[in-house]
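The values are calculated or read from the model by the stated rules, or taken from the named source; none is laboratory data. Remember, it's a predicted structure, so these values are computed and weren't measured experimentally. FYI the Cβ positions are ideal-geometry reconstructions off the backbone, even for glycines, and counts take in every protein chain you see. For the accessible areas, the whole protein counts, side chains as well, though only heavy atoms, and no ligand, DNA or RNA atoms are used. Shrake-Rupley method; radii C 1.70, N 1.55, O 1.52, S 1.80 Å.
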Amino acid sequence: MSEQWRITVQKTCRRSGICAAAAPRYFSVGEDHRTRPAAGPVDPDPELIDVVEACPAEAITLTDLSTGRPVDTAAPEAAVRPPEPREVRP
């Protein structure tokens with residue numbers, strides 16, 4: 001099973017919209033100006049780590065669904081694991 005992350009936006013969000021501007025495939029801003037993360041699990045992506053680090057309210061968390069623990073965005077290996085090799089058949 002491949003690793004996937006869940007994105008959570010905490011109530012401490014300041015509604016700056018930085019995340020939605022930087023990573024629109026993962027975040028949207030509603031008419032009420034609240035930030036909404038992607039609805040389902042997402043594949044690990046270094047773009048998400050950048051957004052978490054750029055959040056002025058530190059309101060975005062990533063959870064590794066395989067462990068249930070927060071992704072350590074400061075750890076270099078958190079960014080993305082290389083894809084598993086696939087067998088190519090003729």
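Would you tally the residues in the stretch 22-59 being more than 19 Å from GLU3 (Cα to Cα) and either in contact with a Leu (Cβ under 8 Å, 6 or more places away or on another chain) or of a type outside the set (Val, Ile, Thr) (or both)?
The qualifying residues number 18.
Considering only residues that are at pLDDT below 95 and among the β-branched types (Val, Ile, Thr), look in the stretch 25-48 and name the one that is most open to solvent (accessible area, probe 1.4 Å).
VAL29
Being open to solvent by less than 90 Å² (accessible area, probe 1.4 Å) and free of Cβ contacts under 8 Å to residues at least 12 places away in the same chain is the requirement here; does GLY17 meet it? Steps first, answer last, please.
On the way: open to solvent by less than 90 Å² (accessible area, probe 1.4 Å): yes; free of Cβ contacts under 8 Å to residues at least 12 places away in the same chain: no.
When the stated conditions are applied, GLY17 does not pass them.
Which pairs do you get when a residue that is closer than 16 Å to THR8 by Cβ, found in the stretch 30-43, comes within reach of a residue that is open to solvent by less than 50 Å² (accessible area, probe 1.4 Å) and of a type in the set (Ser, Thr, Tyr), reach meaning Cβ atoms under 9 angstrom, with the pair 6+ apart or on two chains?
Hits for this filter: PRO37/THR8; PRO37/TYR26; ALA38/TYR26; VAL42/TYR26.
Here is a list of conditions, (1) at pLDDT 95 or above; (2) out of contact with any Phe, Trp or Tyr (no Cβ under 8 Å at 6 or more places or on another chain), and ILE7 meets all of them except one; can you say which number that is?
The single condition ILE7 does not satisfy is (2).
Considering only residues of the stretch 49-77 that are outside any strand (DSSP E or B) and β-branched (Val, Ile, Thr), which is modelled with the lowest pLDDT?
Only one residue fits best here, namely THR73.
For the stretch 15-46, give me the residue count where each residue is within 14 Å of the chain's Cα centre (by Cα) and among the polar types (S, T, N, Q).
Residues in the stretch 15-46 being within 14 Å of the chain's Cα centre (by Cα) and among the polar types (S, T, N, Q): 2 in total.
Which residue pairs have Cβ atoms under 9 Å apart, sit 6 or more places apart or on different chains, and have a first residue in the stretch 50-72 that is on the phi < 0 side of the Ramachandran plot and aliphatic (A, V, I, L, M) and a second that is surrounded by fewer than 16 Cβ atoms within 10 Å (Cβ to Cβ) and part of a strand (DSSP E or B)?
ALA59/THR8; ILE60/THR8; LEU62/THR8; LEU62/PRO70
For the stretch 4-45, name all the residues that are farther than 12 Å from LEU62 by Cα and in contact with a strand residue (DSSP E or B) (Cβ under 7 Å, 6 or more places away or on another chain).
CYS13, ARG15, GLY17, CYS19, ALA20, PHE27, SER28, VAL29, GLY30, THR35, ARG36
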